[in-house]
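Worksheet: the structure to be examined is printed underneath.
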Amino acid sequence: MEVPRHWRLRQQRYALVGEVCPHCDAKLFPPRDVCPHCGQEARTRFTFSGRGEVYSYTHMSDAPAGFEQNAPYTVALVKLEEGPLVTAQLTDLDGKPVEIGMPVEMVTRRIRSDDGEKGILVYGYKFRPVLAGPR
Amino acid sequence: MSDVVIAGVSQTPVGEHWDWSLRNLAAQAVQAGRRDAGGLMPQVVYIANVLASTVSHQANLGSLVASNAGLAGVEGVTVEAAGASGGAAARMAFLAVSSGIVDVAMVLGVEKFTDQAYAEAETALAQTMDADYESMQGATPTSQAALLMQRYLHDYNVQHDCFAGFPLNAHANAAHNPNAFFRKPISRQVYEQAETVNEPFNIFDAAPYADGAAALILTRSDIVPKDVGHGLVRITGSSIVTDTLALHDRTDPLAFQAAGFSIERACSQAGILPQDADLFELDDAFSIYAALSLEAAGFARGGEAWRLAEQGQIALGGSVPISTMGGSKGRGNPVGATGVYQLVEAALQLRGEAGKNQIPGARRALVQSLGGPASTAVTHVLEKLI
């Protein structure tokens, strides 16, 4: 059931909490405590805005175990406005064609169901096309 | 540092071996490899495998393989680096023999993919990705490759069918490889009309996963039995380089930086340039990986490797022949064993035993295996010993 693992990742999954490097100001997601840009310790929490654009995408018809109910679904690399890329599903497309460069925003959705009815429901970030204009 | 030669090679056919288990496959390759090396007994066996602990519920292959394949008591451990496992195990054997501590080392690649239904086996493969941030989002190795291809089409403003040359070449070469899974050429029309599986990807852009086992025996040239009956191949360069596990942690995902660095290091150790090689057994688990590998190695500029395929430069008679025995696309992709198959095939080319696919006068080969999208890159330089 992997409860501790999902619990440990809740801030990343629900709120895109990463880190900012106090030495070179790089924004890091996922958090890793060591800045990949300058090599120094980076433990300062940073919450990402959740806004970004599609860097690449693919429509998946064959789903791996645990994701069958979602298929077909779209997996994307999203370029967050603060810099990092993140792997996530796109959602709420409503038949809208996906394009590289398309503005998207983070929403919280059910990601997968572990072990059927007796298992846990894993929630986390997905990205949807931006609904309104700039905030 | 001692010189290291390949004294023996072996391979089972690649395919769906319903009647052979992990241990059957391993034993066949071990026995055949020792026969090819004039009966040499290894002191250590490095086993390349990715899926046994999940697909076959089997760990500690060192003990299992040694005791089941006539190597009882021999030192044995598993080496795992996703799709680069075979190359990584060969690297360990190379280090062991070149250090002088080990006289004879065996590299055994073995993978049993078909013991689970496809969805379960693919989930097992997804363990080679970042579990917390990639596979948990529903991504798979195939979707990673599709993301790269989509971005490639966008950045270089090319159409999907520019990748046709890679599977066409692989299938044409596999047709003459008795150990290949798919021994049938395909036409451009078949490629262009194939079913899309992960847009923009079609079924011919991904190599088929399969079962197989292959082995190499590495030793010093003075230990090889005089009556071994075939040519010897020297390993003159060996390198492993890692990059980030997750694709999203890279500044330029299309760069395959580890693949490029690994080629540079292995070539500089061998004292050659990549262009000095007569063939390049690269990782074509996905057609986009073949293109990005050629570009990372410097055979083409970014966005132009597909032109090498269009112009026939990757074919047996071209300037940089790749997948000469079918590659993963045509021979089949036995994941952890693939890197060992690549080395066996390159060694056979240099021994002049590649049959209808023989590259005339081949003296030098580059062999590269990738774990994931070049999260690990292993390169070896092989040279015919004259």
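Couple of notes before you dig in:
- Averaging the sequence gap over all C-alpha pairs within less than 8 Å and six or more residues apart, then dividing by the number of residues, gives segment A:3-129 a relative contact order of 21 percent.
- Charges were assigned to the Cβ only: +1 to each Lys and Arg, -1 to each Asp and Glu. The resulting dipole of segment A:3-129 about its Cα centre is roughly 360 debye.
- Taking label points 7 Å from Cα along the Cα-to-Cβ direction, A:D62 and B:A72 give a separation of 4.2 nm.
- Mean per-residue shielding of peptide B:124-132 is 2, counting Cβ atoms of other chains within 10 Å of each Cβ.
- Cross-link reach list, lysines versus B:K384, counting only Cα pairs under 18 Å and skipping chain neighbours closer than eight places: B:K226
- Other protein chain C-beta atoms within 10 Å of residue C-beta, averaged over B:145-155: 4.
- Think of it as helices only: each DSSP H run of n ≥ 4 in chain B is worth -39500 (n - 2.57), and spread over all residues that comes to -10000 deg cm²/dmol at 222 nm.
- Overall form of segment B:1-151 per C-alpha gyration tensor (a/c, 1.5; a/b vs b/c): prolate
- Rounded tilt (10° steps) of B:287-296 against the dominant C-alpha axis of chain B: 80
- Only one residue of A:V86, A:T47, A:I120 has its Cα farthest out toward the positive end of the dipole of segment A:3-129, where Lys and Arg carry +1 and Asp and Glu -1 on Cβ, and that residue is A:I120.
- Listed by chain and number, the lysines placed with their C-alpha closer than 19 angstrom to that of B:K184 are B:K329, B:K356; residues fewer than eight positions away on the same chain are left out.
- Dipole magnitude for segment B:27-186: computed about the Cα centre from +1 point charges on Lys and Arg Cβ and -1 point charges on Asp and Glu Cβ, it is near 580 debye.
- Cα shape, segment A:3-129, gyration tensor, a/c 1.5 rule: oblate
- Potential extension, B:T242-B:Q275 segment - 0.36 nm per residue separation minus Cα distance: 9.6 nm
- Residue-wise HN-Hα couplings along segment B:303-310, as the Karplus relation 6.51 cos²θ - 1.76 cosθ + 1.60 with θ = phi - 60° gives them from phi, are x, 10, 4, 4, 5, 4, 5, 4 Hz; Gly and Pro carry x.
- Extension gain (nm, one decimal) between B:S319 and B:Q127, 0.36 nm per residue minus Cα-Cα: 65.4 nm
- Separation between Cα centres of segment B:169-223 and segment B:15-56, rounded to whole Å: 20
- Cα gyration tensor category, rounded, prolate or oblate, for segment B:229-351 with a/c compared to 1.5: rounded
- Dipole magnitude of chain B, debye to nearest 20 (Cβ charges: Lys/Arg +1, Asp/Glu -1, about Cα centre): 1160
- By average C-beta atoms within 10 angstrom, highest first, the peptides A:38-49, B:306-317, B:169-180, B:349-360: B:169-180, B:306-317, B:349-360, A:38-49
- Straight Cα distances below 22 angstrom link A:K27 to the lysines A:K79, A:K126, with same-chain residues fewer than 8 positions distant left out.
Where a number appears in this text, it was derived from the coordinates with a stated rule and is not lab data. As the structure is a computational prediction, the values presented were derived from the model and not from experiment. A quick note on method: Cβ atoms are made from the backbone with ideal geometry, for glycine too, and the neighbour counts reach across all protein chains shown.
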